[in-house]
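To start, the structure itself, in structure tokens.
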Amino acid sequence: MTEDPKGLLVELGAMRKRARADRHGYWLPFLLFGLITLAATPFYAPRFCVPSGQNPELVEPQPCSWNSAEMPWLYHWLHPAGQVMNSPVFSHFQPNIAADVYWIVALLCGYLAVVWWYRWRAAQVGVETPTRLYAQVTIFMLVLPLVGVPVLSELFFGRAGWQIALPITVAVIVAATWRVRSVGFTLAVLVLFALAHFLTVYQYGPLFVLAAGLAGLAHLERNVVCTVTVAIFTATVLFVNEAGRFGFYWPRGVEHFASTAVPAFVLLVGGIIGSVRREMTR
């Protein structure tokens, strides 16, 4: 190490830059969740059937019909308000428990893997990225749709009506969090609560749970590439699933691929860019 003051400042700056590079590990979570999102594609493939009594060779198959009354109890527990079926992308989608179970298991395993990854990296490089806030946000977003929203819908909203239940719920959340944390914390809890309800109504709701977790990760990383990737991912989820309402339609042969494959591509590209930048700064 040089004793020259200018040289010391240069070396200190280089050490800080190296420490920041060692701390950033978002590239692996992006790759992991990109693959998880891509693997969900088959669950959204439309099913087509031929009406009974018709010759399959003479009649064009039509989307298979379904009845929510025939769905198992787990579906009604996870979706107490039903599911919106008029989304342009999911116009031929038939709800299924397999998709729900896949997302619950995949997101839980993915979040646990991310926490382990950051703690392992801290032991290897000596620079730790705190994961407590990230774990709190992701656990909250997994538990609330599984327990909180169904229980509130069954015991409170369904009986008192949303006109009464919603203001009371908001008031309870504000009272429980206002004195414990800052105003920003209270607003964040309210947003996450609304997002958890959004998850149970829309078919692509799990992608917003993923976006919430990645937003928490971007807050911890405080990295431009990470933050921009999360923002593009969230905007892409909205665009590919709701663009049809504004006159943009995906070809029928690829519409169900677009709902998951395009957002997955964003995460994979972000992960690759982050990995390349990490190698360049080493």
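Computed from the coordinates by the stated procedures, all read-outs in this text should not be read as laboratory data. Just so it is clear, the structure is predicted and the values come from calculations on it, not from any experiment. Note that we place each Cβ from the backbone using ideal geometry, even for glycine, and neighbour counts take in every protein chain shown.
Quick one: if you stick a label point 7 Å off each Cα along the C-beta vector at L190 and Y75, how many nm between them?
Label-label distance for L190 and Y75, simple model: 3.5 nm.
In what sequence do I36, I173 fall when counting other Cβ within 10 Å, fewest first?
I173, I36
Let's test the formula: R0 of 25 Å, r as the Cβ-Cβ distance of V105 and W162. What FRET efficiency results, to the nearest 0.05?
For V105 and W162, the calculated efficiency is 0.20.
Two decimals, Cα atoms only, Kirkwood Rh: what is Rg/Rh over region 127-196?
In region 127-196, Rg relative to Rh is 1.04.
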